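Every read-out reported here was derived from the displayed coordinates using simple, explicitly stated rules and does not represent laboratory data. Please read all numbers here as calculations on a predicted model, not as lab measurements. Reconstructed Cβ throughout: ideal geometry from the backbone, glycine too, with neighbour counts over all protein chains shown.
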Amino acid sequence: MKKTLYTLLLCGLSLLLFASCEKENGKSYTGRDSKPAATMKGVFYAAVQNADETIKIMPGKSKSAQAQVCVFESSVSDVTLNISFKVAPDGLAVYNAAHPGEQAQLLPSSAYEFVSNNMILARFNKASTYAKLRIIASGLENDVLYVLPITIDKVEGTDLWGLAEQPYGFIKAIQTIEGPEGGDGSMEFPFELRTVEDMLAIGDNLVSGDKTYFKMMNDIDMSEMPTKEIDDPDNPGSKIKVPTKWVPLNNKSPYLKAIDFDGQGHTISNFYCDYDEGDYPSFFGVLNGYCHDVTFLNAKVVVKTAQRDGILAGYCGLQDASKGVRGDCARVHIQGELDHRLSSKYGAGGFFGFMGTGALYACSADVDIKSKLNNVGGLAGYCGKEVEIIDCWTSGIIRGGQRVGGILGGTVGDDDPTVPIKIVNCYSTAKVYGSFGIGGIGGYFTKATANPTGVDPGNIFENCIAWNEEIHANWNVNTEVFGEITSGDVSHYSCGAVIGYCAVKNTLKGNVRNPAMAYNSVIFFDYTDAFSLYDQPDTSPETPLSPIPVAGANYNYPYHGTAAPAGKTLSEVAQSLGWSSAIWDFSAELPKLRPDAQVGPVPDVSAGGQLPGFENNDL
């Protein structure tokens, strides 16, 4: 993608911003009364950033634009004002007079709507909040330039206001069947990513409240970060060159910058982030949208502030589903390291620190995770309510305090059984270290405020395989010497081959453990004389789990599943559980995910009811 691409339009469904307040100082005042400009509460105009650029839109599609009011010269209101726009057809003649070679037509009323049109200009500010318009390719002719002039309609809060001599902002649009070079961020023409510079420009083209589309065109090595000049802290007045640092793409509340990131099977290698000036050092910050078909190789994230975090994002969606922020991943693979030891916020995972609302499909993490806190997992540290993890695997080393799992560390809060957490057809070979609630697949899965025997949190674990190389349930979190065992309190202790600490009414079906887990050369339990592995049948809320009591162990609620037949490979065990050969390749001892596995959320449907890549498939 050419660097100039990112100076054109703000991408996705918001390709235009009206924010150029400093370019209008040459305008004069044409006030509504005889008062001099100095007494005005505001002299206003609509300004357009990248005024020479044009929204290109496919027939039947729509895109969004945002507009704001700017204050003329030094006129600044000392009260807060509410302002709205209106369409100004007379502004078309002004535009055409200034562009005699274009002779644009007025955008018809069928091709636009105000989605929101109530702007606030805070006292002493020179720019208002944004109004939003939706531009629709309806009733347009191909390759004809249309212009929508807008200007200020109403001002509430004062009668002492006026308009600049040229108060119009102009939205330009062309209906076309050809996409721009390098894409425009729409679903039809995603921005094309070819270089590190393209990757660094992603954040500049995300717009709050809209979804922007990107696709990788080749593998990208993030170790080739460009340098930038900064002030030399040791020599005032001098400059030094330093590598550009990765800024998480969606790291500011309310986290409404939505994205569709299509890796097209390509690899991002040597990604590094130690961002410490905002939220969630990671690739996305908060994943709001869909990431798919990409591999992160040799990635590393270092958490220097109080953050729950992962390599891909700190949060997948948000815990509050009503905010409309959801994250989904399909065919995403991460190999790398997360150093979470300096953080004071629990929640660390290979993909996410926390999964609020979202899902992982056919994803994997080969990760080295270091944390001294609770809720640590190979894919995610912990989760809320609306979460699915389907057809995934993990490997590597996962180290934490309490609630540590090969796939997911645990849950938080009082889960709603009508909105279950699902972990299905997953396996882990990871080494898992922690103190309490340690499991090969999941760490802690019960309600936060109740005993595991009397609650129904609604969690579902089905056809998962705990093939972990090592599960060490009394690791001292204050040392890096993992073979050094410290004494612990047997009364407050629970560890399971599949789940470390499990509500007895969880739905547990078809889950299997490595038959060598109890007697191989690595340590499974510290308390080898007190605890043992044993087979446990499938359970449901109607047929609860029944752990074998251990004297003095008041918090012993493990779930071990059943031992796989001796001598079977992990691939053979997975096949016996009915895992799909359309998703998994069973040709080796360990199953691997197929790059073309047909899993994940339904593709976005356009406003015209069309799925991408298909014709005449109105829904």
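Couplings 3J(HN,Hα) of the range 455-470, computed from phi: 10, 10, x, x, 6, 10, 10, 9, 6, 9, 10, 8, 10, 5, 5, 7 Hz, in residue order, whole Hz [Karplus 6.51 cos²θ - 1.76 cosθ + 1.60, θ = phi - 60°; x for Gly and Pro]. With viscosity 0.890 mPa s and temperature 25 °C, the Kirkwood radius over alpha carbon pairs of the range 197-286 converts through Stokes-Einstein to a diffusion coefficient of 167 µm²/s. By how many nm would the segment from PHE114 to LYS228 lengthen if fully extended, with 0.36 nm per residue of separation less the alpha-carbon distance? Stretched fully, the PHE114-LYS228 segment lengthens by 37.0 nm.
Taking amide H positions as modeled 1.01 Å from N, with prolines and chain starts lacking one, the residues under 5 Å from ILE171 and 5 or more places away or on another chain are LEU148, ILE150.
When THR543, THR394, THR227, THR151 are arranged by Cβ crowding within 10 Å, least crowded first, meaning fewest neighbours, the order is THR227, THR543, THR151, THR394.
With a Förster radius of 41 Å applied to the C-beta separation of GLU188 and SER576, the computed FRET efficiency comes to 0.40.
Applying 1/(1 + (r/R0)^6) with R0 = 45 Å to the Cβ-Cβ distance of GLN105 and SER540 gives a FRET efficiency near 0.10. Within the straight-line cut-off of under 16 Å between alpha carbons, the lysines reachable from LYS422 are LYS385, LYS447, LYS505, LYS509, sequence neighbours fewer than 8 places apart in one chain being disregarded. Positive end of the dipole of the range 145-243 (Cβ unit charges, origin at the Cα centre): among MET187, LEU200, LEU160, the Cα lying farthest that way belongs to LEU160.
Please go through the residue pairs LYS300/LYS592; LYS257/LYS345; LYS239/LYS345; LYS257/LYS372; LYS56/LYS228 and name each one whose alpha carbons sit more than 26 Å apart in this structure. Too far apart for the 26 Å limit: LYS239/LYS345; LYS257/LYS372; LYS56/LYS228. A crude spin-label estimate for the pair HIS492 and GLU181, with each label 7 Å from Cα along the Cβ direction, gives 6.6 nm. Footprinting exposure proxy ranking of ILE397, ILE230, fewest other C-beta atoms within 10 angstrom first, gives ILE230, ILE397.
Take the Cβ atoms of THR244 and ASN82, set R0 to 41 Å, and the FRET efficiency comes out at 0.50. Amide H contacts of TRP584: ARG594, each under 5 Å away and 5 or more positions distant or on a separate chain (H built 1.01 Å from N in the peptide plane; Pro and chain starts excluded).
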